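J.: Handing you this structure, nothing more for now.
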Amino acid sequence: MSQKIHVAVIGAGPAGLAAAANALAHGAQVTCIDANDQPGGQYWRHRLEQPGRQPGVQPDSTGHHDWKTYLSLRAAFDAGIAAGTLAYLPNTQVWMAQQREDERITLQLTSATAAGTQAPASTLTADRLVVATGAYDRQIPIPGWDLPGVMTAGAVQALIKGQGVLAGQRIVLAGTGPFLLPVASNVAHAGGSVLAICESADLSGWLKNLKAPLAVPAKGIEGAEYIWDLLRHRIPYKRSTVITAIHGAEKVEAVSIARTDKTGAVIAGSEERIENVDCVGLGFGFTTQLELLTAFGVATHMDVDGSLVADVDEFQLTSGANVLAAGEVTGIGGAALAVAEGTVAGYRAALGSGQAPQQSEVAKELKTISRHRAFARAMHQAHQVPDYWSGNLEEDTVVCRCEEVTAGEIIQARDELKAVDARSIKSTTRAGMGWCQGRVCGYAASCLATCGDKHEAFAQSVANTYKRPVSIPVPLGEIADLEDSPKE
Amino acid sequence: MKPVVKSVENPITISVDDAQLTVEAGTTVAGALIAHGITAWRSTRKNERPRGLFCGIGACFDCLVSIDGQPNQRACMVRVCEGQQVDTETAKERP
């Protein structure tokens, strides 16, 4: 009998759980690495499970969709742990990923938090790698967005779903995309007031491509639930509206909003101010967590929404040998798509090197993927980041939050020092050089540096912001402890 | 504005600088602070501006705080535990 294929899965969200579960089902030995301390990712983030939870006593499902899918994936996951075929490494992050000469993959692991329970620094080698690292809210800078109380829409939701904590009592949500709706719904159910949802798009984009959303009725039903919540809680949903400035001395106190024309430019006279705001949740779509894939030099492309995503074949294989990708890293498209991609990736990853993948093994998932990708394209077309968002910037608006680099400094570097991509901006202004390594400002810095280009210059600039050989901050000692190079 | 504190079901005590806070077991340090109406626990290096939680999921590193003597921990990633010592950072104290 041949030795089991060892599949490493990074991420325990919808894609990672599905990949792990299906790789197990196809006989692989699986290691699943996740930064959080319990499985679920962002989509199925839930309250802390009680240790020694009895079977049948289920994790808290408050505010969740597709919870049945989670429980079924989780059952397979837990069964793998019990059988010894799945090693689950929670609270662990990969800080470097490399391909060895024999095409196996080596991952350098570190503890996600030095406080509390601590995973030891270690090295893991696997035959196959499934990267299912997901995405986080994409941001464009707004004057005052660095005030405490201003956070990502995802943070507002994560606090509620993960901990039952409301980030404020009087919340304004702003950005673009359907994701603002469930966040508003979560806030309302938790007892907070959503004073407004400012959606920068005019939503006419949906009408241009009605076939795609109609092919995914579940999304329509979910959407209808959110609209019902908006009506029931009297939440104003303002289309073609942006926050032009966030006000406050030491924390957010008020916001100015305005209507915009088709280009995203503010319509004069439409400005109004919302007072007594204690929290703002921002999100203009999502940024993929792609750096572990770009470390392998895999082929990427710019998706319809301006996100850099990994190229994959129909079985989720990237251009890198033995490296697969599933979920948001191949294109922002939601949890149902991520589960289908993860399932396909898990199957493909578990195949021996001589075995050819069969479409019939994952026929249902391939159909789901095709329908949901079409839905995602329609969604991205309807919810583009407004072209002229930078028109609302003040000279002293912080763009890079870590290094406190302002819009004025970036524009000066562009115009006077010819820093026309994010990398040159980084070396001249330090934007993108701080703790987050450009995760938050990389998109905006690229927009500013390339003067709103939407093609090659922008794509190249964004791709450069993903070059993070050390993907998260680690103590120097862990780098010093590395062996020379990952050979056999 | 009044702090957003719901009744604490499973109380534990942590120290934040010199103060004792009763917080909900199972929350993160960031969640516990926000539940007490504390929105900032760090000031920036250059302009000494207050910062707290931003991405909430470990990507942005804006919520860094010292926890049990370990500096620069992401408050959104670390769960509270009984007797935990959280030290907020200010620019002046930083070496």
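Any read-out appearing in this document is the output of simple, stated calculations on the displayed coordinates, not a laboratory observation. The model shown is predicted, which means the values in this text are computed figures rather than measured ones. Counting neighbours? That spans all protein chains shown, and the Cβs are built from the backbone with ideal geometry, glycine included.
J.: Cα-based count: Lys pairs in the stretch A:139-284 below 29 Å, eight or more positions apart or different chains?
T.: Within the stretch A:139-284, the lysine pair count is 13.
J.: What's the angle, to the nearest 10 degrees (0 to 90), between helix A:153-163's Cα axis and the longest principal axis of chain A?
T.: Approximately 60 degrees, to the nearest ten.
J.: Going by the alpha-carbon gyration tensor, a ≥ b ≥ c the square roots of its eigenvalues, is the stretch A:215-359 rounded (a/c under 1.5) or, if a/c is not under 1.5, prolate (a/b greater than b/c) versus oblate?
T.: Because a/c hits 1.5 or more and a/b exceeds b/c, the stretch A:215-359 counts as prolate.
J.: Taking only DSSP H segments of four or more residues, each worth -39500 (n - 2.57), what value at 222 nm results for the protein assembly as shown once the sum is divided by all its residues, to the nearest 500 deg cm²/dmol?
T.: -8500 deg cm²/dmol
J.: Let me ask something else about it. Sticking with the crude label model, points 7 Å out along Cα→Cβ, report the distance from A:R430 to A:A254 in nm, one decimal please.
T.: 3.3 nm
J.: Given the C-alpha centroids of the stretch A:107-186 and the stretch A:298-328, what is the distance between them in whole angstrom?
T.: Spelled out, the Cα-based centre of one part sits 22 Å from the other.
J.: State log₁₀ I(q)/I(0) for the protein assembly as shown at q = 0.10 Å⁻¹ as given by the Debye formula over alpha-carbon point scatterers of equal weight, solvent excluded.
T.: Debye output, listed in q order: -0.83.
J.: Once R0 is set to 45 Å, what does the formula 1/(1 + (r/R0)^6) return for the Cβ-Cβ distance between B:T22 and A:T125, expressed as a FRET efficiency to the nearest 0.05?
T.: 0.45
J.: In square nanometres, what is one fourth of the surface area of the convex hull spanned by the alpha carbons of the stretch A:304-452?
T.: 10.6 nm²
J.: So, one more: Kindly list the residues of the stretch A:157-181 that lie in the label zone of A:N276, defined by a backbone N under 13 Å from the point 7 Å along the Cα-to-C-beta vector.
T.: A:169-171
J.: Taking every pair of Cα atoms in the stretch A:139-284, average 1/r, invert it to obtain the Kirkwood radius, and report Rg/Rh to two decimals.
T.: 0.97
J.: Using +1 at the Cβ of each Lys and Arg and -1 at the Cβ of each Asp and Glu in chain B, identify which of B:G26, B:C81, B:F54 lies farthest towards the dipole's positive end.
T.: Farthest towards the positive end: B:F54.
J.: Now, a different point. On alpha carbon coordinates alone, what is the Rg over Rh value for the stretch A:393-465, Rh being the Kirkwood radius?
T.: Rounded to two decimals, Rg over Rh is 0.92.
J.: Another one. Hull surface divided by four, with the convex hull built on the Cα atoms of the stretch B:11-87: how many nm²?
T.: Spelled out: convex hull of the Cα atoms, projected over all directions, averaged, 4.7 nm².
J.: Starting with the highest mean, order A:92-101, B:33-42, A:360-369, A:473-482 by the number of other Cβ atoms within 10 Å, averaged over the residues of each peptide.
T.: Ranked from most to least packed, the peptides come out as B:33-42, A:92-101, A:360-369, A:473-482.
J.: Peptide B:35-41: average number of partner chain Cβ atoms within 10 Å per residue?
T.: Across the residues of B:35-41, the mean count of other-chain Cβ atoms within 10 Å is 4.
J.: How much length would be gained if the chain were fully extended between A:H247 and A:Q50, taking 0.36 nm per residue of separation minus their Cα-Cα distance, in nm to one decimal?
T.: Between A:H247 and A:Q50, full extension yields 66.8 nm more.
J.: Another question, then. Counting partner chain Cβ atoms within 10 Å of every residue's Cβ in A:145-157, what's the average?
T.: Mean partner shielding for this stretch: 6.
J.: Using a 10 Å cut-off on Cβ atoms, rank the peptides A:156-163, A:71-78 from the highest mean neighbour count down.
T.: Put in order of decreasing packing, that is A:156-163, A:71-78.
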